[in-house]
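Working notes, structure below.
FYI, it's all coordinate maths here, none of it is from the lab. This one's a predicted model, so the numbers in the text were calculated from it and none came from an experiment. Ideal geometry is used to build each Cβ from the backbone, glycine not excepted, and the neighbour counts take in all protein chains shown.
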Amino acid sequence: MQIRYFAWLRERIGTGAEEVETDAKTVVALIEELKTRSDAHAFAFSDTAAIRAAVDQDLVPFDAPVTGAKEVAFFPPMTGG
Amino acid sequence: MQIRYFAWLRERIGTGAEEVETDAKTVVALIEELKTRSDAHAFAFSDTAAIRAAVDQDLVPFDAPVTGAKEVAFFPPMTGG
Amino acid sequence: MEVEVRDSAFDPGATLNAFTARATGAGAIVSFTGITRDLATGDLQAMEIEHYPGMTERALTAIRDEAMTRFNLVDALVIHRYGRLSPGETIMMVATAAPHRRDAFDAADFLMDYLKSRAPFWKREITPDGAEWVAAKDDDEAALDRW
Amino acid sequence: MEVEVRDSAFDPGATLNAFTARATGAGAIVSFTGITRDLATGDLQAMEIEHYPGMTERALTAIRDEAMTRFNLVDALVIHRYGRLSPGETIMMVATAAPHRRDAFDAADFLMDYLKSRAPFWKREITPDGAEWVAAKDDDEAALDRW
């Protein structure tokens, strides 16, 4: 599964994308798994209230399923407009 | 005092402006006086709910004073925009 | 120029760009343009707009000044045509410039509501059957109660 | 083109005119343009906008389609830039065309509210002191409850 990071999440983790093998069934379970990958991941995901998730490019809540997803993205609240 | 008419009031009365001598103290008193000038005037002013008035180019209610005014205008509700 | 009453056509896009260029400090620009629509019957030949020279400029200036007072604006603009217009032609335009979008939107909305019922313009539709004055809408008068 | 994500500048006035020209049957056109404002401190050098290619187009299209469904519109347009912008540059634009003004205003307002909180753009302000991500406003999220 392709994991993508944007804005300060990307900066804190140090990469915009990484490939991970996971059995996580939901976004929140995936986050818990990603936090164990490095101190940078743990730091980046320390305040989940400040994080949004998209599964296959659709914004989703944290209890959304990730099973079968090709791409899961994490980023701060958006600031367009 | 210069009296001005616009839109269908102008058409019904047959002129866009006329000079009148009047002792009317309010817009509504002036209307009553104008109605006596001709059948066309009486017809034009028959439905005052459909008429608006301006004294010296300021929109006013019918009980507004006209004493000393240079110009009083009558017209239907506006349809700008 | 903050208020303009004119009988000739104008370019809304060029007006928007010029307005934006001089709106220093604005983060949000809203424009509204009114277009002469054809009738449901499809036979509108022209729209004639009568106005009250002198009072029109006064009323538009007063409405624009009121918007500048009520909202946090950098600038506001009103242009309105009179005379004979063809279907598809631009009748009028308002533009507002504000630090933040809420003020820009609300001020443009306010300007339109007041302009509809407080500026001395009267529209007449010309069709093959003749000319007919456009009736004011109760909705337009009621819209003022929002402010 | 109803939705456009681009890194180069565009001309809001020309865009408004082209949008209006093809909005047959519209009586009301509303545009909103967002401008890069300088900071209160006056030392903004640039605004950098990151986005999520692919998802951005999807999100803007979904928001635009939702506006077309919710309001009585003839057309709606969204343009948003990414990359590096200088103060005073146009970041984005929405335009709406409707038979009547209420729909045109409400749809533009709706598009802006959704775009602010639902389209994957992130702004970063560049000053002599460094670069700082712009924080999302609680207000922007709360604005969605209106719809």
Check: Across the Cα atoms of region B:2-75, what radius of gyration and what greatest pairwise Cα-Cα distance (Dmax) are found, in Å?
Finding: 10.8, 28
Note to self: Between helix C:101-118 and chain C, what is the angle of the helix's C-alpha long axis to the longest principal axis, kept within 0 to 90° and rounded to the nearest 10?
What the structure shows: 40 degrees
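As a test, work out the antiparallel percent of DSSP beta bridges whose residues both lie in chain A, rounded to the nearest 5.
Values: 11 of 15 bridges.
Approximately 75 percent, going by the DSSP bridge assignments.
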Margin query: Measuring from the axis that superposes chain A on chain B, report the chain A residue with the minimal C-beta distance, rounded to whole Å.
Written below: A:GLY81, 14
Margin query: More than 28 angstrom separation, counting every C-alpha pair in the protein assembly as shown; what % is that?
Written below: 58 percent
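Count, for each residue of D:17-23, the Cβ atoms from other chains sitting within 10 Å of its Cβ, then give me the mean as a whole number.
Across D:17-23, the average partner-chain Cβ count within 10 Å equals 3.
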Item checked: Rounded to whole Hz, the Karplus (6.51, -1.76, 1.60) HN-Hα couplings of region A:59-73, x for glycine and proline -> 4, 9, x, 5, 8, 5, x, 10, 4, x, 5, 8, 9, 10, 10
Check: Quick one: Karplus J couplings for region D:94-99, per residue in order, coefficients 6.51, -1.76, 1.60, θ = phi - 60°, nearest Hz, x for Gly and Pro?
Finding: 10, 9, 10, 10, 9, x
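How crowded by other chains is C:33-40, given as the mean number of beta carbons from other chains within 10 Å of each beta carbon? Please report the intermediate quantities before stating the final value.
On the way: counts 12, 8, 10, 1, 7, 3, 0, 0.
Mean shielding by partner chains, rounded to a whole number: 5.
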Next item on the list: With only Lys, Arg, Asp and Glu charged, each at its Cβ (+1 for the first two, -1 for the last two), find how big the charge dipole of chain B is about the Cα centre; round to the nearest 20 debye.
Entry: 200 debye
Margin query: Check which residues have an amide H placed less than 5 Å from C:ASP75's amide H, if you skip close sequence neighbours.
Written below: C:ALA97
Check: Taking Cα atoms, how many degrees apart are the long axis of helix C:12-22 and the longest axis of chain C, rounded to 10 and kept between 0 and 90?
Finding: 20 degrees
Note to self: Once each part is reduced to its C-alpha centroid, what is the distance from region B:4-33 to region C:90-147 in angstrom?
What the structure shows: 27 Å
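If R0 is 41 Å, what FRET efficiency do you get for B:ALA64 and C:ALA131 from their C-beta distance, rounded to 0.05? All intermediate terms of the calculation are to be shown ahead of the outcome.
Working: r = 32 Å, r/R0 = 0.77.
Between B:ALA64 and C:ALA131 the formula returns 0.85.
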Notebook entry, point to check: Sequence-distant or interchain residues sharing an amide H contact under 5 Å with C:LEU44, placed H: which?
Noted result: C:LEU39
Checklist line | Two-decimal Rg to Rh for region D:3-146 - Kirkwood Rh, Cα set | finding: 0.99
Note to self: Please give the Cα centre distance for region D:16-88 versus region C:8-30, rounded to the nearest Å.
What the structure shows: 16 Å
Item checked: For region D:67-147, the Rg and Dmax computed from alpha carbons only, in angstrom -> 15.1, 49
Next item on the list: Could you work out the relative contact order of chain A, using alpha carbon pairs under 8 angstrom and six or more residues apart, expressed as a whole percent?
Entry: 39 percent
Margin query: For Cα pairs less than 8 Å apart in space and 6+ apart in sequence, what is the mean separation divided by the residue count of chain D, i.e. the relative contact order in percent?
Written below: 33 percent
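What's the average, rounded to a whole number, of partner chain beta-carbon atoms within 10 Å of each residue's beta-carbon in D:116-128?
On the way: counts 6, 7, 4, 5, 11, 7, 11, 5, 4, 0, 0, 0, 0.
Mean inter-chain Cβ contacts per residue within 10 Å come to 5.
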Notebook entry, point to check: Would you list D:ILE49, A:ILE51 from fewest to most Cβ contacts within 10 Å?
Noted result: A:ILE51, D:ILE49
Checklist line | FRET efficiency, B:ALA50 to C:MET68 (Cβ-Cβ, R0 35 Å, nearest 0.05) | finding: 0.60
Checklist line | Hits among lysines - C-alpha to C-alpha of C:LYS123 under 26 Å, sequence gap 8 or more where chains match | finding: B:LYS35, C:LYS137
Check: Put a point 7 Å out from Cα along the line to Cβ at C:GLN45; what are the distances to that point in the other copies, in nm, shortest first?
Finding: 6.6
Checklist line | Neighbour-count ranking [beta-carbon atoms within 10 angstrom, fewest first] of B:HIS41, C:HIS100 | finding: C:HIS100, B:HIS41
Notebook entry, point to check: Any idea how far apart C:ASP43 and D:ALA46 come out in nm if each label point goes 7 Å out from Cα toward Cβ?
Noted result: 6.2 nm
